[in-house]
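What follows is calculated from the coordinates using simple rules that are stated; it is not laboratory data. It should be emphasised that the depicted structure is a prediction, and the values quoted were computed from it without experimental measurement. Backbone-built Cβ (ideal geometry, glycine too); neighbour counts: all protein chains shown.
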Amino acid sequence: MVFNFLLIPILFLAAAVILFVKRKRRGVGLAVIFFALAIAAGFWAIMQSRSSTAAIGVLFLPLVAVLPGFLAWAFRNLQVSGNAVLRILGWVCLAGACAALAAILYEGGKTIELNKTRDAQQAARTLRIDENRKTIAAMLLENKEREAAAIEQLIQEKSKDDEFLLPAMASEFVSADTLDRFARADDFGVTLTVLRNPHCRAETLARIYRTHTYPTYFHQALAAHPNTPVDILRELFNKPRDISGLDIWFAKNPATPADILLELANTQDINVIQGLLQNPRVDCPMLRRIEGGIRRSTRPDDSYSTSRLAELKQSICVQR
């Protein structure tokens, strides 16, 4: 597939080499310059995008660059024609080559402006969320001993306002029923906040994992939550990984089955090791494996890991 995109550019460059070798060099240098400029401009324009798939556009760059390169070559050769119409056509070709470059640069500029607009919108959204978080905190202080009822009332009033729901769903006073109600199959941000709330029920976690259109978005929250059902934790641990770093969250989670924790204890990843050392279910056999992992890791002198290991060995292994 990649070869199909490169076939025409390869033929174009091969033709330029052949013409150069045969001393038919008129326009060859200009064609190569415009080809290279189009590649450079296109690469710059693609790099302005923040899309995870933007880099795919690099595959098309050589093919796109052939057009301004060919038009530049045509301009240089038509320019010396004795026919006035052909000379005019040559200038049209040059204008087309320049227009192609300008179009590429324009697209890059549009992407920059779009990024600025989105950044401004996100900044404004973040500000409103922070203001709502402060409002909720102040309201809870004013309603001591009846925090749950007060926040439930506010949630009812602002049930359509995601910028309010995001901080509200993180509150320790939101009921499990309300959390379940706002964990929606068509939502991402609010649902993720719900799944991170310690009061989120196992049934809610399982429902989102089984029914959401893009469950991968919630894998980290599920791997970290102590209420995630064991069968889901096993499934997440054993399936091919769509995101990195999940082992850190499995290591910290007290709901992670002991056999998985024991398997994780073989790791040489110091971040996973630190997670295991925070898990209340770690036992002496795990600590022995973890100790070997620390020695084999890239940070065998990690101060937290070594001191925490010594502390746990003193309190767990000595008791045994």
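Residues with beta-carbon under 12 Å from that of Gly90, excluding Gly90: net charge, scoring Lys, Arg +1 and Asp, Glu -1? Provide the component values of the computation, followed by the final result.
Numbers: positive: Arg26, Arg76, Arg87; negative: none.
Taking every Cβ under 12 Å from that of Gly90, the sum is +3.
Give, in whole angstrom and from largest to smallest, the semi-axes √(5λ) of the equivalent ellipsoid of segment 2-119, with λ running over the eigenvalues of the Cα gyration tensor.
Working: eigenvalues 187, 65, 15 Å².
Semi-axes (√(5λ), whole Å): 31, 18, 9.
Can you tally the net charge around Glu113? Count Lys and Arg as +1, Asp and Glu as -1, for every other residue whose Cβ sits under 15 Å from the Cβ of Glu113. The partial results should precede the final answer.
Numbers: positive: Arg50, Lys110, Lys116, Arg118; negative: Glu107, Asp119.
Its environment carries a net charge of +2.
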Ranked on Cβ counts within 10 Å of their own Cβ, fewest leading, Glu131, Glu147 go Glu131, Glu147
Kindly state, as a whole number, the per residue volume in cubic angstrom of the convex hull around the alpha carbon atoms of segment 116-209.
96
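First measure r as the distance between the Cβ atoms of Ala258 and Arg296, then evaluate 1/(1 + (r/R0)^6) with R0 = 35 Å and state the FRET efficiency to the nearest 0.05.
Values: r = 22 Å, r/R0 = 0.64.
Using R0 = 35 Å, I get an efficiency of 0.95.
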FRET efficiency (Ala123, Gln268; Cβ distance; R0 45 Å; to 0.05) is 0.65
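Cα convex hull of the chain: mean projected area in nm², to one decimal?
With the hull built on Cα positions only, its mean projection is 26.2 nm².
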Loop-resident sites, segment 111-216, for chymotrypsin sites (Phe, Trp or Tyr not before Pro), counting at most 16 other Cβ within 10 Å (DSSP):
Phe188
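Quick one: pull the percentage of alpha-carbon pairs in segment 57-151 with a separation above 18 Å. Working shown, then result.
Values: 3100 of 4465 pairs.
Every Cα pair in segment 57-151 considered, those over 18 Å come to 69 percent.
Return the Rg/Rh ratio of segment 212-320 with Cα-based radii and a Kirkwood Rh. Could you put the intermediate results ahead of the total?
On the way: Rg = 14.2 Å, Rh = 14.2 Å.
Ratio of gyration radius to Kirkwood radius: 1.00.
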Roughly how many whole Å is it from the C-alpha centroid of segment 108-130 to that of segment 253-295?
42
For the chain, longest principal axis from Cα atoms; helix 284-296 axis from its Cα atoms; angle between them, nearest 10 degrees, is 30
Residues His225, His212 arranged by fewest to most Cβ contacts within 10 Å:
His212, His225
Cysteines, the chain, no other Cys beta-carbon under 4.7 Å:
Cys93, Cys98, Cys200
Roughly how tilted is helix 61-78, in degrees to the nearest 10 and between 0 and 90, from the longest Cα axis of the chain?
20
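If you take the alpha carbon radius of gyration of segment 171-257 and divide it by 2.2 N^0.38 Å, what ratio comes out, to two decimals?
Details: Rg = 12.0 Å, N = 87, 2.2 N^0.38 = 12.0 Å.
Segment 171-257 yields a ratio of 1.00.
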Hey, could you pull the Cα Rg and Dmax for segment 265-320, both in Å?
10.0, 31
Count neighbours as other Cβ atoms within 10 Å of each site's Cβ, and list the trypsin sites (Lys or Arg not before Pro) in segment 49-92 that are DSSP loop with at most 12 such neighbours.
Arg50
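Enumerate lysine pairs in the chain that are 8 or more residues apart or on different chains, then count those whose Cα atoms are under 25 Å apart. Could the numbers behind the result be given before it?
Numbers: Lys134/Lys144; Lys134/Lys158; Lys134/Lys160; Lys144/Lys158; Lys239/Lys252; Lys252/Lys313.
Step by step, the pairs that qualify in the chain add up to 6.
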